[in-house]
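Engineer: Below: one structure in structure tokens.
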Amino acid sequence: MHNININDTISAISTPIGTGAISIVRLSGKDAVAIANKLFSKDILKFKSHTIHYGKILDKNKNIIDSVMLSIMKGPNSYTGEDIIEINCHGGLEITKNVFEETLKNGARAAEPGEFTLRAFLNNKLDLAQAEAVQELISANSNAAIKFAKNNLEGLLSKEIKYFQKELSEVAAILEAWVDFPEEDLEFDSFENIQKKLSIIIEQMKKLSHTYYDGKVIFEGKSICIVGTPNVGKSSLMNSLLKKDRSIVTNIKGTTRDILEDNIKIKNLNYRLIDTAGIRNTSEIIEKEGIKRSKKAIEDSDIVILVLDSTKNLSKDDFELIDLLDPKKTIVTFNKIDLKKSDYKLSFPHIIEISAKENINIDELKDKIEFLSLNDINAFNEEIIITNKRHKSSLDNSINYLIKVLNNLLTNSAEFVTLDMRDALKELSSIIGTDVTEDILSSIFNNFCIGK
Ligand SMILES: Nc1nc2c(ncn2[C@@H]2O[C@H](COP(=O)(O)OP(=O)(O)OP(=O)(O)O)[C@@H](O)[C@H]2O)c(=O)[nH]1
Ligand SMILES: [Mg+2]
């Protein structure tokens, strides 16, 4: 970021690198139109803004590189706020590269990751929270994630932050007057009102901050590990849930030696599904290490599926494993129900009989997983959630400053209140980007894809 010259005209392949029907090479900057004009078979200078045209991309010897559709969006009414040219070329890897390189040969510079969106931010087309939502929307992998990323992109989070800023600025103004003119004693009534108002805002901010935990689940999903003693059918269940042969299944105890992972979507959420090594007392070194990892997976996972073999009596190993589990986050499955009906009594709240091999009750198991994971997500009914660690920590910092202000007001120590108040406001500003350093901008936009 430090070395980026934002006066350059930039170019990037904005579609994924690979073979497809169409690829888009995008230019943005003051020379975008002039550069494209050198490559295109028609006179772009005559084109109206926001129009699209068929023509050829030519090299300097007038050889045809590709037949394309070219669109022109003049600033400031464009994504970046600058002149933008988009060239829709044929989606072959080489063709796209040739068109892109031709733009470089004619004076464009290859864009850095996220540089188009950075420019949109610098040209006030988006605030920082909205710019970050662009990347969230691109990487959203469930409809719930899309909803919240879209709301943030439309500025709902920014609006909420601005509301906090406005309310707090009013309080800050009164406090500054109070500190500057102490002789004009603040009336007790307004003093009490300030405290009340501050407490209400702090509560609202805390509520918003708390949505982060749900946001994390909605964007990143939950982890589920499948555990059990050897040969109970853990890997078979993994495959049945995934509807593919992911894990090796055999009738030999100790088949799975290490952790195996895959992703699965159930209704509106994504999960990381983890198959583990069967847990038993063993002296075998590799198996022991696998078991150690299984135990760690139990601790780290949001949900645990315990698999028991309903054709057998529960063993000492089963009971030792059961002792490790937290009933609230565990679903007990009695497997191999195609062979025998289970008649065990276990005092776990979530129990289901299944057959991993014959796919019996697997959809019902998915319902249980959904129930267990949605149980503690409150955010689905919200419109705005915090989805981003940076926003969460700025919001929390701001809250902490405000709590200090409140405490100092209660003990009537006025010295620090105005400073803390200013810091609280500064933290809020950093969320929407009115008060951020270049380093923060770099770290945000470096995580973007090239061409966005
Ligand atoms: N009849 C029947 N057999 C099953 C069922 N589920 C698994 N099996 C069989 O049980 C044996 C062990 O299955 P796996 O899925 O490998 O068991 P595991 O728990 O992963 O075993 P380890 O990796 O060794 O700990 C295989 O022969 C499976 O075909 C089921 O629902 N019904
Ligand atoms: Mg296995």
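Read-outs throughout are calculated quantities, based only on the coordinates presented, and are distinct from any laboratory measurement. Fair warning: this is a prediction, and the values are worked out from it, not measured in the lab. Here the Cβ is made from the backbone with ideal geometry for all residues, glycine too, and neighbour counts use every protein chain on show.
Engineer: Can you compute log10 of I(q)/I(0) for the chain with the Debye formula, treating each Cα as one identical point scatterer, at q = 0.08, 0.10, 0.14 Å⁻¹?
Structural biologist: -0.71, -0.92, -1.12
Engineer: Search the structure for amide H atoms under 5 Å from the amide H of ILE354, placed 1.01 Å from N in the peptide plane, and list their residues when 5 or more places away or on another chain.
Structural biologist: Those lying under 5 Å, H to H, from ILE354 are PHE334, ASN335, LYS336, ILE337.
Engineer: Among ILE298, PHE371, LEU273, which residue has its Cα furthest toward the positive end of the charge dipole of the stretch 221-374, with +1 on Lys/Arg Cβ and -1 on Asp/Glu Cβ?
Structural biologist: Selected residue: LEU273.
Engineer: Quick one: net charge around THR15, please, counting Lys, Arg +1 and Asp, Glu -1 for every other residue with C-beta under 15 Å from its C-beta.
Structural biologist: Working: positive: ARG26, LYS97, LYS452; negative: ASP66, GLU86, GLU94.
Here the count lands on 0.
Engineer: Could you calculate the contour length gain from LYS253 to LYS207, that is, 0.36 nm times the residue separation minus the distance between their Cα atoms, to one decimal place in nm?
Structural biologist: Details: separation 46, 0.36 × 46 = 16.56 nm, distance 4.91 nm.
So the extension gain works out to 11.6 nm.
Engineer: List the GluC sites (Glu not before Pro) within the stretch 404-452 that fall in a DSSP loop (any state other than H, G, I, E or B) and whose Cβ has at most 14 other Cβ atoms within 10 Å. Please report the intermediate quantities before stating the final value.
Structural biologist: Details: sites: GLU415, GLU427, GLU438; in loops: GLU415.
Sparse-neighbourhood loop GluC sites (Glu not before Pro): GLU415.
Engineer: Pop the C-beta distance of ASN400 and GLU364 into the FRET formula with R0 = 51 Å and round what comes out to the nearest 0.05.
Structural biologist: Values: r = 46 Å, r/R0 = 0.89.
So, using R0 = 51 Å, E works out to roughly 0.65.
Engineer: Related question: Do me a favour and compute the ellipsoid semi-axes for the stretch 10-126 from its Cα gyration tensor, root of five times each eigenvalue, largest one first, whole Å. It would help to have the intermediate numbers written out before the result.
Structural biologist: Values: eigenvalues 90, 54, 30 Å².
They are 21, 16, 12 Å, listed largest first.
Engineer: Still on this structure, I have one more. Looking at the stretch 157-262, which GluC sites (Glu not before Pro) are DSSP coil and have at most 13 other C-beta atoms within 10 Å of their C-beta?
Structural biologist: Values: sites: GLU160, GLU167, GLU170, GLU176, GLU183, GLU184, GLU187, GLU192, GLU203, GLU220, GLU261; in loops: GLU183, GLU184, GLU187.
Answer in residue order: GLU183, GLU184, GLU187.
Engineer: Take the stretch 160-292, drop everything but the C-alpha atoms, weight them equally and run the Debye formula without solvent; then report log10 I(q)/I(0) at 0.14 Å⁻¹ to two decimals.
Structural biologist: Relative scattering, expressed as log10 I(q)/I(0), comes to -0.74.
Engineer: Around GLU94, with a cut-off of 15 angstrom between Cβ atoms, what is the net charge of the other residues, counting Lys and Arg +1 and Asp and Glu -1? Don't skip to the end; give the middle numbers.
Structural biologist: Numbers: positive: LYS97; negative: ASP59, ASP66, GLU101, GLU102.
Computed value for this residue: -3.
Engineer: Exactly which trypsin sites (Lys or Arg not before Pro) in the stretch 53-139 are in a DSSP loop and have at most 15 other Cβ atoms within 10 Å?
Structural biologist: LYS60, LYS62
Engineer: Full-extension gain between LYS295 and ASN61, please, as 0.36 nm times their residue separation minus the C-alpha to C-alpha distance.
Structural biologist: Working: separation 234, 0.36 × 234 = 84.24 nm, distance 6.66 nm.
That works out to 77.6 nm of additional length.
Engineer: Cα convex hull of the stretch 224-322: mean projected area in nm², to one decimal?
Structural biologist: Numbers: hull surface 25.1 nm².
Convex hull of Cα atoms, orientation-averaged projection: 6.3 nm².
Engineer: Expressed as a whole number of Å, what is the distance separating the alpha-carbon centroids of the stretch 403-452 and the stretch 149-164?
Structural biologist: 16
Engineer: Here's another thing I want to ask about it. Give the average over all directions of the projected area of the C-alpha convex hull of the stretch 223-278, one decimal, in nm².
Structural biologist: Directional mean of the projected Cα hull area for the stretch 223-278 stands at 3.4 nm².
Engineer: How much length is gained if the chain between LEU374 and TYR54 is pulled fully straight, taking 0.36 nm per residue apart and subtracting their Cα-Cα distance, in nm to one decimal? Don't skip to the answer; put the middle values down first.
Structural biologist: On the way: separation 320, 0.36 × 320 = 115.20 nm, distance 5.01 nm.
Stretched fully, the LEU374-TYR54 segment lengthens by 110.2 nm.
Engineer: Please report the relative contact order for the chain, taking Cα pairs under 8 Å with a sequence separation of at least 6, and give it as a percent rounded to a whole number. Provide the component values of the computation, followed by the final result.
Structural biologist: On the way: 796 pairs, mean separation 75.3, N = 452.
Across the chain, relative contact order equals 17 percent.
Engineer: If you take every residue apart from LEU441 with its C-beta less than 12 Å away from the C-beta of LEU441, what net charge results, scoring Lys and Arg +1 and Asp and Glu -1? Before the final figure, lay out the partial values.
Structural biologist: Details: positive: ARG119, ARG390; negative: GLU112, GLU115, GLU132, ASP435, GLU438, ASP439.
Within the 12 Å Cβ shell, the charges total -4.
Engineer: Can you quote the Å³ per residue value for the convex hull of the Cα atoms in the stretch 310-452, rounded to an integer? Could you put the intermediate results ahead of the total?
Structural biologist: Details: hull volume 35.9 nm³, N = 143.
Per-residue hull volume (Cα only) is 251 Å³.
Engineer: Once the dipole of the chain is set up with Lys and Arg at +1 and Asp and Glu at -1 on Cβ about the Cα centre, which of ASN98, ILE200, ILE4 lies farthest towards its positive end?
Structural biologist: Toward the positive end, the furthest listed residue is ASN98.
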